[in-house]
Structure formats: C-alpha cells, structure tokens
1. What is the sum of charges around TYR133, taking Lys and Arg as +1, Asp and Glu as -1, for the other residues whose C-beta is under 15 Å from the C-beta of TYR133?
2. What label, among (1) 17.7, 55; (2) 18.6, 74; (3) 15.1, 48, belongs to Rg and Dmax of the Cα atoms in Å computed from the structure on display?
3. Rank GLU46, GLU176, GLU111 by mean-square fluctuation in a GNM of the chain with C-alpha springs under 10 angstrom and give only the top-ranked residue.
4. Could you tell me how far the Cα centroid of the stretch 144-196 sits from the Cα centroid of the stretch 121-140, in Å?
5. Points 7 angstrom from Cα along the Cβ direction at HIS190 and TYR133: gap in nanometres?
6. Of PHE36, TYR137, LEU107, which is farthest towards the positive pole of the stretch 30-140's charge dipole, taken about the Cα centre with +1 and -1 on the beta-carbons of Lys, Arg and Asp, Glu respectively?
7. Compute the separation of the alpha-carbon centres of the stretch 24-88 and the stretch 1-19 and state it in Å as a whole number.
8. Please turn the phi angles of the stretch 25-33 into ³J(HN,Hα) values with the Karplus equation 6.51 cos²θ - 1.76 cosθ + 1.60 (θ = phi - 60°), one per residue in order, whole Hz, x for glycine and proline.
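The values are calculated or read from the model by the stated rules, or taken from the named source; none is laboratory data. What you see is a predicted model; the values in this text were computed from it and never measured. Note that each Cβ is placed from the backbone with ideal geometry, even for glycine, and that neighbours are counted across all protein chains shown. In case anyone asks, the SASA skips ligands and DNA or RNA and just uses the protein heavy atoms, side chains included. Shrake-Rupley method; radii C 1.70, N 1.55, O 1.52, S 1.80 Å.
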Amino acid sequence: MTTADYGIVEVVRSISSILVILYPLGLDSALARYYFDYKDVAKLKEYIFTIVLGITVLGLLVTLLLDLSGNFFFPLWIKDIQFNPYIRLTLWTSFFFVLPASFLILLQVQEKSFKYIILQLLQAILLFGLIIYFVVYLKGGAYGQIKARFFATLSVATLSLYLFSKYAKLSFQWKEYTSSLKYGLPITIHSLSWWI
C-alpha cells in the first residue's frame, strides 16, 4: 500500500468509528443493562428481538440516507477521498459491524467466554485472510483493504444474525424499545464526546 492508501484507510476508519457509535444509539448498552431484569425466559427473548430489530432498522435507515445523500454530503468536508467506492463501502461495513458487536455483548452478559473468544478469533482470521488476499495477492491498495473489511464484517454479521435467532422470539415490544432508547441515548452522547 502507498502512503496515500494508508491515508484513505485511516480517514474512512475514523468515519466508521463515529458511525458504529451512532448506529445502535446505545441500544447495545441497554441490552447489557436490562438483560438481568428479565426472569421470564420468553420475555427476555422478546426483549432481545426488540433490541436486535431496533438496532438493525435504525442502522439500515441511517445507512440508506447517508448512501443516497453521500455524493453531496461527504465531499463538503472530505474533499480528497471519493465517496464511491471508499466511503460508501465504509458506511455499509459500519452497519454490518453493529450486529456482531451486539452479539458479543450478549455473550458477555451470559458469561459465555469460549463462544466470545471463538467469534472474535473468527472475525480476526477472516479479516486478516481477506486483507492478504485483496491487498497483497490482488494488489488492491486502499480499496482492497476496505473491501476486505466489508466482506469479513458482512460474513460475521450474517453468522451473528443466525446466532441471535436462537436467543430471540419474534415479538417487538415498543415500551421496552423506548425505555432502552432513553437509557442508550445519553451513552451515545458520552461515547461521541469521548471519541471527539
């Protein structure tokens, strides 16, 4: 990779680090907080489904909005990096990153350290393997590394969604969703302040 490639990668990673704070709006933190309040397993599964659906729908709406307005919005403050493909792919990578991160929180509260480590290792091995393939073998530069992150994150997100289905029950609970948002939004502001 060239010096310019490293510059592109670091800028889009900065964008991604903001987005992964914004996308869940603290619902992942609410999952960790309220998990132990549920003694009824069926109610807990409904709550987990509510949080996962909330995170997914919110993230998808924001990603679509940014994707559709990106050609106008991002060049206003990032002039040297093309929106398509670099920033566009980063938007979707950030969206898919949130599900595995939320599933890891679920494994933490359940104290399933072995599964937690396996999922983390799988994600790292997949990412490193794809970076080597796209950057070293195909000589894809910055785009190769961003593409590798996208495919690795998409793969682990798909696996996480499947694993979430074992812990969730199809029932959206609006009251629990809004109370979780009330808990999570101040944490989002705190996390953004820390990042800044």
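1. Values: positive: LYS139, LYS147, ARG149; negative: none.
That sum, taken over residues with Cβ under 15 Å, equals +3.
2. (1)
3. GLU111
4. 24 Å
5. 4.0 nm
6. Towards the positive end, the residue furthest out is TYR137.
7. 21 Å
8. My calculation for the stretch 25-33 gives 6, x, 5, 5, 5, 5, 4, 5, 6 Hz in order.
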